[in-house]
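Engineer: Just dropping this structure here.
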Amino acid sequence: MNLSSYILPIFIGLILIIGLIKKVDVFSEFIEGAKENLKVGVEIMPTLIALMTAIGMFKASGGLELITTTVAPIIHKLGFPAECVALALIRPISGSGGLAVFESILNDYGPDSFAGRVASVMMGSTETTFYTIAVYYSVTKVKKTRHTLLCSLSGDLTGFIFSALLVRLFFVI
C-alpha cells in the first residue's frame, strides 16, 4: 500500500486527537454540521431542480444539436475540433451533461485523438459556471451577480480556446 491509502484515516485521527486535546465534543460538532448542511441542501434543491430541468429540455428539444451543427463548420476552420463543440456548449451549464458528452467523445474518437485530448483538457480547465453561480449565490442569498457571469464565461471561453491551442502545441498534431 502507498501513502495515499492512509491519508484519510490519518486526517480523521488527527481531528479526533485535536478534539480530545481541546476538550471538544467532536460527535456533537459533527451532528451540528450535518444539520446545517442538510438545511443548505434543502435551500438549494429548487435551484438545482430548475437547472437540471432546463438542461434536459434543451437537450431533448434538439437545441443543443442544432447549435452544434450550425457552429461546427466555422469552429473547425478556426482549429477547434468540431467534435468538441457540444462539450463547449454544455460544460458551463452541467457537469453531468458535460461528462456524458466527454465520455461520448472518448468512445467515438479515442482518448489519444485530437478531439479526445482537447476534450480532456477542456474538462480539466473549465467550470460548470451556471451551476456554480446558481448554487453559491442561492446559498449566500446574493441577488446581484454583477460581472460574475461575464467573467466566468470569459474564463470558460479562454479554457476552450487554449485547450485546442495547447494540445496542438504539446502534441504537434
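Bear in mind that the values in this text are calculations on the coordinates, not laboratory data. These figures come from a predicted structure and were not determined experimentally. As a convention, Cβ positions derive from the backbone with ideal geometry for all residues, glycine included, and neighbour counts pool all protein chains shown.
Engineer: Output the number of residues of segment 137-173 satisfying the condition of being without any contact (Cβ under 8 Å) to a residue 12 or more places away in the chain, loosely packed, with under 13 Cβ neighbours inside 10 Å and among the aromatic types (F, W, Y).
Structural biologist: 1
Engineer: Filter segment 60-73 down to the residues that are assigned to a helix (DSSP H, G or I) and more than 24 Å from I161 (Cβ to Cβ) and list them by number.
Structural biologist: Within segment 60-73, just A60 meets the criteria.
Engineer: For segment 104-121, give me the residue count where each residue is closer than 13 Å to I90 by Cβ and out of contact with any Phe, Trp or Tyr (no Cβ under 6 Å at 6 or more places or on another chain).
Structural biologist: 2
Engineer: Out of curiosity, is L51 surrounded by 15 or more Cβ atoms within 10 Å (Cβ to Cβ) and more than 21 Å from S163 (Cα to Cα)?
Structural biologist: Taking the combined requirement at face value, the residue satisfies it.
Engineer: Show the residue pairs meeting these rules: Cβ distance below 8 Å; 6+ apart or different chains; first residue within segment 80-98 and surrounded by fewer than 21 Cβ atoms within 10 Å (Cβ to Cβ); second residue not in a helix (DSSP H, G or I).
Structural biologist: So the pair list comes out as I93/T128; G95/T128.
Engineer: Read through the list (1) exposed (fewer than 12 other Cβ atoms within 10 Å of the Cβ); (2) assigned to a helix (DSSP H, G or I), then give the number of the only condition that K23 fails.
Structural biologist: (2)
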